[in-house]
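Here's the structure we're looking at; comments come further down.
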Amino acid sequence: MALTAEIYQAFEDVVGQRNISQDKGVLESYRCITSQSSAHYGPFDHKTPLPQAVIMPGSTEEVQKIIKLCNKYKIQFKASTTFWSAMGFIGSENAIQLDMRRMKGIEIDEKNMIAVVEPYAIGAVVQVEAMKVGLNCNIPGVGCSSSVVASTAGWVGFGPTSISMGVAGENMLGAEWVLPDGEVLRTGSLGAGAGWFNGEGPGPSTRSVLRGFQGTTGTMGVCTKVAIRLHPWPGPTCIPTRGQTPAYKASLPDNFKCYTLCYPSWEAWAKGAAMLHEAEIVYLGHRQFNMFGRDIKAAMLRILNDPNGQLADLEPLLQDPELKKQNELMKMDIQVVLAGMTARDIAYKEKVLDRILELCGGWKSEMMLEKDMQDYVLLYLLRLGHKNLNYTLCGSYEGNYGLSSNVFVATAVIEEASELKDKWAKTHTTIADTGGDSDMGSLSIIGGGGAMGWEFFVNFDAYDKASIQGTNDFIDETQKWMTSKGLGVDMGRWNQDIRRKDGLNFTQEEHDAMYVNAAQPLVFAYQWKVREAVNPNHLGGSYYRTLTPSKIGLA
Amino acid sequence: MNATLNQLAGIVGQAGVSTTPESLAAYASDSSFATPMKPAAVVKVQSAEQVEALVKWANQTQTPLVPVSSGAPHYKGDTVAEMPGSVIVDLSGMKKILNINRQQRMAVVEPGVTYGELQAALAKEGMCLSMPLAPRATKSVAASVLDLEPRLNALHQWNYTEPLRCTEVTWGDGNRMFTGEAGAGPRDLEKQWAAQKWQVSPTGPNMLDFYRLLTASQGTMGIVTWVSLRCELLPQVERTYLVPAAKLEDVNEFAYKTLRVRFSDGLFVMNGAALASLMGGNAEEVKTLKAELPTYVAVVNVVGRELLPEERVQAQEQDIAEIAQACGLQLLPSVPGLRAEQVRAKAFEPSQVPFWKETAKGAFQDIFFTTTLNRTPEFIEAVQKQAIAAGYPVEDIGVYIQPINMGVGCHCEFTLPYNAACAKESARAKKLFVDISETISSMGAYFSRPHGIWARLQLNKDAQSTIALKKVKGIFDPNGILNPGKLSV
Ligand SMILES: Cc1cc2nc3c(=O)[nH]c(=O)nc-3n(C[C@H](O)[C@H](O)[C@H](O)COP(=O)(O)OP(=O)(O)OC[C@H]3O[C@@H](n4cnc5c(N)ncnc54)[C@H](O)[C@@H]3O)c2cc1C
Ligand SMILES: Cc1cc2nc3c(=O)[nH]c(=O)nc-3n(C[C@H](O)[C@H](O)[C@H](O)COP(=O)(O)OP(=O)(O)OC[C@H]3O[C@@H](n4cnc5c(N)ncnc54)[C@H](O)[C@@H]3O)c2cc1C
């Protein structure tokens, strides 16, 4: 259903000829294959529909005009910015895709630790600007080349620094938002012209409509600017680096320390994690390199630190007895960064860390104490600029299990989960065999500690049908295990309810059938009501989860 | 009327319904300038089931409900009905501490639990809850966190809404649910606890932030029957310091620099008048202290909790002293007339009776809003000018500046003490309150918690937010039965 010439012209009149396209080649590049994106829902080989046009607005005013036209002609729309997600693509054949890359402004209020950013201000650039004035921002696990606004408006947004800085939603201050009906909402103090510092109120916060636990995945209009809270950066105005690509290393002063903490058991690990939550000494905490798999992580780190290293070096490295020993010692590990605000502060934090290790019977990995290794990991984690490595093993991955909850609950079942994965990898060739435990993720998905944000990496080949099928079968099996343990939905299936296997939106009837049996269906009935109030023409697609109220006897 | 009372008695039992002149009078007015209005009845509820039944009944009968959780005295006008025939829903009898979990540092409490009660119970488990500045003894913890009363320690606010996490709410339409993480599981706390779920994360549970519709809502959206709270480990070592300053700009600079590096566990600024009324036991003492105290004082608390507590305090106190020095100030254990430890004992604990703000002159009126620290001097100047013009004694005006949300903003509060027994003084204070509110609003003071006349001032500035708010209200309280008249233009 192509746009009529008249409608296309109306859009073109808003953004100009250079910023709109109907070219088949361009449109094709805005279709998503989920295997290239950590989307947690499979089936990994379908494509989203072809948009009717791709439009790149350059201002809030242009966005507003586009949305008004969409309402006039009843065309669905979705804004995306850095396109790492599978949620950012349309789910209807009558839809346009907004690409927000022209809006990339950043303004920093150093004194009050606030950055006001437009969608295409990516984490890397916001961080660079913030560091110039001694500040830093939370970069979610998706990495520094993703949009700060996208994580704040669209998805969850936790990462290694969330323990000390909070997740995207916690950092969200005032926001400027073009609602699905084309009106512009400015939340909190911003709407009153009092600045960006407070995103709440007046009275009840209308920002509730813009994001809850997660953002609204582009279904509730377009966020054009958001103010985020920045955090202290006790380092130089830019991170000095040395070394050769891809193994750059950070050369930071002594008040930064980077350790891989190791524990003798998961009980000890959990105790240590809880103490780290409570002690408020870590700047950053992430179990990162285990994503390569328990059996091969030390070897992978060696390869990555060698400018000439290649995956082909893996086999010989795995035979190296010293490396084997080091690998074994960091079986149950986590990376942490301490950042001392002063000399006294770092001395105190180091002491507490040592005390925690002592109390839990833990140790610091020796291999990871090598200067170059420490500095590599430091840059990796502070910057999160190596997301390509998520894909190195087989070209694609999905996160599964997702035991993102209470530290003590998750760690109690982690070996069993690992065994299940190991068994599957050994008996099926469809997912990479990296040694069972490939669990990775953030020390906390909430500021100050609480639940962890974990996932097992399942590496597969997106260009191999059998591998795709095998990954799906594997996740079906782990879901069964999760269900039997009362652990909820497997992360590989988290988003299955928001777009159909054919890439199109679910119908309301289909959604009703899913949510009527939710633990508290009222949640989805209210979301239905909110959608009716804010998005009367249903132009956002089915990523917004709704239940027709009458299905549970409500008016 | 009798039929109504019978219906109410059917819901909460005969003993729960009261229409005696004394009980109605107790809720007919408060210590603010809100217009008095006698309610039709006072209903004391004991459970969420009763609340749900009551709200359903109110929808059928179009009866306005005014939820109240704290005990008297009330100061903000938000618990005085604005509609005739209103029924007061008194939740102060729901006093159960439902759960305390040391492992997750969480507590779940009913609305009637006060700070004193909760802190005592938490201390037994080695924990405490972050405090707002010396709340009155009868203040409900749930009501306090729902109204986003600023906390003394901005650095434990990973969110403006800390330490509030999950809730159980009956919305204005009579539907009851759990919000936040708790909303994703069965609506049964026992079952959630059995599954090791401790109501930790406040957001969602899905794409809508339900709990943020309850914050600062003055009971207009739903009635909350429990809240979960993020607690802290009990300090093992605790030291407090005072940083006196002649100029607010200096002390602000000190606050910026200290919070910027995440030092301190509680930091706020007061002028001499505010500090004197916090510390003075009676009017005379307040007067004497006020004369003695510095123009501004920053109060800085440093604690050590479980691991190496003394080391933490020692490292921070030295660093903070250096920050003070860099601002041309001093970190001191006392100032003439006052030791820092005494201030801590008052500021971080519930107030004695009478409430400390009443000590100076009996009555008082607060004006509070949010802004950023760097803007506070201009607001103070404007308030002082206005007071002078009105013939109000400027030196009596209390100033309390509380950094919030890790320091990106601050709560700025002016307290105008007056003698309520003197009609002239009362009238002057009332007029000054209105005039100051209007002036600072026009300067960009943000009334994020818009009590009383501030709702009009604030909502009139932002048509889109007001429209959005009305839409949301229409969903959760379609018949407008919850505290009607509040938060409207
Ligand atoms: C390798 C990888 C690792 C990941 N790790 C994590 C992790 O650790 N933690 C985590 O929280 N997430 C993680 N994710 C998911 C990630 O956070 C989301 O993909 C996130 O939204 C990042 O931005 P993006 O580039 O994907 O944005 P986009 O794909 O551009 O957008 C994401 C969503 O936001 C919406 N959106 C974008 N711009 C706007 C706008 N201007 N207004 C309104 N809506 C908008 C889109 O419609 C879409 O639904 C990961 C993803 C990948 C690919
Ligand atoms: C899902 C996915 C799909 C891919 N598809 C393809 C493909 O089709 N074709 C292809 O060739 N490759 C593809 N790749 C590989 C991907 O393009 C490379 O990982 C990426 O291009 C590496 O280039 P980069 O240097 O821009 O990486 P980045 O990850 O963007 O950054 C590399 C370094 O530069 C820094 N940096 C990044 N941006 C900035 C900035 N604006 N300012 C300052 N510093 C910055 C980072 O911190 C980091 O240190 C894909 C990768 C993924 C994860």
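The values are calculated or read from the model by the stated rules, or taken from the named source; none is laboratory data. Quick caveat: nothing in here was measured; it's all calculated off a predicted structure. Cβ placement follows ideal geometry from the backbone for every residue including glycine, while neighbour counts extend to all protein chains displayed. Quick note on the areas: whole protein, heavy atoms, side chains included, nothing else; ligands and nucleic acids left out. Shrake-Rupley method; radii C 1.70, N 1.55, O 1.52, S 1.80 Å.
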Check your understanding: Where both residues lie in the range B:2-92, what percent of DSSP beta bridges are antiparallel, nearest 5?
Key -> 20 percent
Practice item. May I ask for the distance between the Cα centers of the range A:410-443 and the range A:169-203, given as a whole number of Å? Key: 43 Å
Check your understanding: Within the range A:495-552, which trypsin sites (Lys or Arg not before Pro) sit in a loop by DSSP and count at most 15 neighbouring Cβ atoms inside 10 Å?
Key -> A:R500, A:K501
Review point. Per-residue HN-Hα couplings for the range A:107-113, Karplus 6.51 cos²θ - 1.76 cosθ + 1.60 at θ = phi - 60°, whole Hz, x for Gly and Pro?
Key: 10, 10, 9, 4, 4, 8, 6
Check your understanding: Using the Kirkwood radius built from alpha carbon pairs, what does the Stokes-Einstein equation give as D for the range A:54-162 at 37 °C and 0.692 mPa s, in µm² per second?
Key -> 221 µm²/s
Review point. Where does the range B:2-92 land on the Kirkwood hydrodynamic radius, alpha-carbon pairs, in angstrom?
Key: 13.0 Å
Review point. Around B:R176, with a cut-off of 13 angstrom between Cβ atoms, what is the net charge of the other residues, counting Lys and Arg +1 and Asp and Glu -1?
Key: -3
Point to revise | Ordering of B:146-154, A:353-361 by burial proxy (mean other Cβ atoms within 10 Å per residue, highest first) | key: B:146-154, A:353-361
Point to revise | Per residue accessible area in Å² of the protein assembly as shown, where ligands, DNA and RNA are left out and the probe is 1.4 Å | key: 33 Å²
**Study point:** the range B:97-233 - convex hull of the alpha-carbon atoms, volume per residue in Å³
**Key:** 101 Å³
Review point. How far, in degrees from 0 to 90, does helix A:522-534 lean away from the longest principal axis of the Cα atoms of chain A, to the nearest 10?
Key: 50 degrees
Revision key, fill the gap. So the carbon and sulfur contribution to the accessible area of chain A, 1.4 Å probe, in percent, is 53 percent
Revision key, fill the gap. What the Cα atoms of chain B span along the principal axes, largest first and in whole Å, is 68, 58, 42
Point to revise | Pairwise FRET efficiency - B:A420 versus A:E510, Cβ, R0 = 60 Å, nearest 0.05 | key: 0.45
Check your understanding: Using the alpha-carbon atoms, what tilt in degrees (0 to 90, nearest 10) does helix A:407-427 show relative to the longest principal axis of chain A?
Key -> 90 degrees
Revision key, fill the gap. Restricting to Cα pairs under 8 Å and 6 or more apart, the percent relative contact order of the range A:364-483 works out to 28 percent
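About the Cα centre of chain A, how large is the charge dipole given +1 on each Lys and Arg Cβ and -1 on each Asp and Glu Cβ? Please answer in debye to the nearest 20.
About 920 debye.
Taking the square root of 5 times each eigenvalue of the Cα gyration tensor, what semi-axes in Å does the equivalent ellipsoid of the protein assembly as shown have, largest first?
46, 35, 28
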**Study point:** Amide H contacts under 5 Å for B:L482, placed H, 5+ residues apart
**Key:** B:L65
Practice item. Can you pull a Stokes-Einstein diffusion coefficient for the range B:295-443 at 37 °C (0.692 mPa s), Rh from Kirkwood over Cα pairs, as a whole number of µm²/s? Key: 185 µm²/s
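Based on the alpha-carbon gyration tensor of the range B:358-459 and its eigenvalue square roots a ≥ b ≥ c, which shape applies: rounded if a/c is under 1.5, prolate if not and a/b is larger than b/c, or oblate?
Working: a/c = 1.76, a/b = 1.61, b/c = 1.10.
Since a/c reaches 1.5 and a/b is larger than b/c, the shape of the range B:358-459 is classed as prolate.
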Practice item. Estimate for me the total accessible surface buried between chains B and A (protein heavy atoms, probe 1.4 Å, no ligands or nucleic acids), in Å² to the nearest 100. Key: 7100 Å²
Exercise for review: Using 0.36 nm per residue of separation minus the Cα-Cα distance, give me the extension gain between A:K72 and A:Q9 in nm, one decimal.
Suggested key: 21.3 nm
Point to revise | With Cα atoms, 0 to 90° folded angle of helix B:463-476 axis to chain B main axis | key: 40 degrees
Exercise for review: Taking the Cβ of A:G448 as the centre, find all other residues whose Cβ is under 10 Å away and add up their charges (Lys, Arg: +1; Asp, Glu: -1).
Suggested key: -3
Exercise for review: Work out from phi, with θ = phi - 60° and the Karplus expression 6.51 cos²θ - 1.76 cosθ + 1.60, the ³J(HN,Hα) of each residue of the range A:337-353, listed in order in whole Hz, and give x for Gly and Pro.
Suggested key: 10, 9, 10, x, 6, 8, 4, 5, 5, 5, 4, 5, 4, 4, 4, 5, 4
Practice item. Set Lys and Arg Cβ to +1 and Asp and Glu Cβ to -1, take the dipole of chain A about its Cα centre, and tell me which of A:N537, A:T342, A:Y401 lies farthest positive. Key: A:N537
Practice item. Treating the Cα atoms of the range A:241-480 as identical point scatterers in vacuum, please give the log10 of the normalised Debye intensity I(q)/I(0) at q = 0.07, 0.09, 0.11 Å⁻¹, two decimals. Key: -0.22, -0.37, -0.56
Study note, to complete from the structure: The size of the Cβ-based charge dipole (Lys, Arg +1; Asp, Glu -1) of the protein assembly as shown about the Cα centre, to the nearest 20 debye, is 1600 debye
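Considering every residue in A:402-411, what mean count of other chain Cβ atoms within 10 Å of its Cβ is obtained?
Average per residue, whole number: 2.
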Review point. B:S69's amide H: which non-local residues (gap 5+, or another chain) put their own amide H closer than 5 Å, with H modeled 1.01 Å from N in plane and none for Pro or chain starts?
Key: B:L91
**Study point:** Cα-centred dipole magnitude for chain B, charges only on beta-carbon of K, R (+1) and D, E (-1), debye, nearest 20
**Key:** 760 debye
Check your understanding: In nm, to one decimal, how far is the modelled label at B:K430 from the one at A:K423, with both set 7 Å along Cα→Cβ?
Key -> 7.7 nm
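Mind checking the mean number of beta-carbon atoms from other chains within 10 Å of the Cβ atoms in B:187-198?
On the way: counts 3, 1, 0, 0, 1, 1, 0, 1, 6, 7, 4, 4.
Other-chain Cβ atoms within 10 Å of each residue's Cβ, averaged: 2.
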Study note, to complete from the structure: Around B:M443 (Cβ within 14 Å, Cβ-to-Cβ, excluding B:M443; K/R +1, D/E -1) the net charge comes to -1
Check your understanding: How would B:T161, A:T60 line up by accessible area, probe 1.4 Å, largest first?
Key -> A:T60, B:T161
Exercise for review: Just the number, please: percent antiparallel of the DSSP beta bridges in chain B, rounded to the nearest 5.
Suggested key: 85 percent
Point to revise | Given A:K551/B:K191; B:K197/B:K470; B:K95/B:K357; A:K24/A:K501; B:K38/B:K139, the pairs whose alpha carbons are separated by over 28 Å | key: B:K197/B:K470
Point to revise | Theoretical gain in end-to-end length, A:T237 to A:S29 [0.36 nm per residue, Cα-Cα removed] | key: 71.1 nm
Practice item. State, to one decimal in nm, how far the label point of A:A343 lies from the label point of B:K247, with both points 7 Å from Cα in the Cβ direction. Key: 3.1 nm
Check your understanding: Length gain on complete extension for the stretch A:L359 to A:K47, per 0.36 nm per residue less the alpha carbon to alpha carbon distance?
Key -> 107.2 nm
Revision key, fill the gap. From the Cα centre of the range B:8-34 to that of the range A:249-282, the distance in Å is 55 Å
Review point. By per-residue mean of other Cβ atoms within 10 Å, what is the highest-first order of A:26-32, A:146-152?
Key: A:146-152, A:26-32
Review point. In 5 Å bins starting at 0, how do the alpha-carbon pair distances of the range A:508-552 split up by percent?
Key: 6, 26, 36, 22, 9, 1
Check your understanding: Per residue of B:455-466, how many C-beta atoms from partner chains lie within 10 Å of its own C-beta, taken as a mean?
Key -> 5
Study note, to complete from the structure: Expected vector for the range A:538-555, Karplus 3J(HN,Hα) from phi with 6.51, -1.76, 1.60 and θ = phi - 60°, integer Hz, x for Gly and Pro, equals 6, 9, x, x, 8, 5, 8, 7, 9, 10, 4, x, 4, 5, 10, x, 9, 6
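Could you sort the peptides B:228-235, A:263-270, B:391-398, A:444-451 by per-residue average Cβ neighbour count (10 Å cutoff), highest mean leading?
The densest-packed peptide leads the list: A:444-451, B:228-235, A:263-270, B:391-398.
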Exercise for review: Given a cut-off of 18 Å, name the pairs among B:K76/B:K471; B:K44/B:K96; B:K76/B:K486; B:K385/B:K431 whose C-alpha atoms lie farther apart than that in the structure shown.
Suggested key: B:K76/B:K471
Exercise for review: Collect residues whose amide H, placed 1.01 Å from N in the peptide plane, falls under 5 Å from the amide H of B:A420; neighbours closer than 5 in sequence don't count.
Suggested key: B:A363
Review point. Taking the Cα-to-Cβ direction at A:D372 and at B:S334 and moving 7 Å from each Cα, how far apart do the two end points lie in nm?
Key: 6.1 nm
Review point. Could you give the distance between the Cα centres of the range A:323-346 and the range A:471-490, to the whole Å?
Key: 32 Å
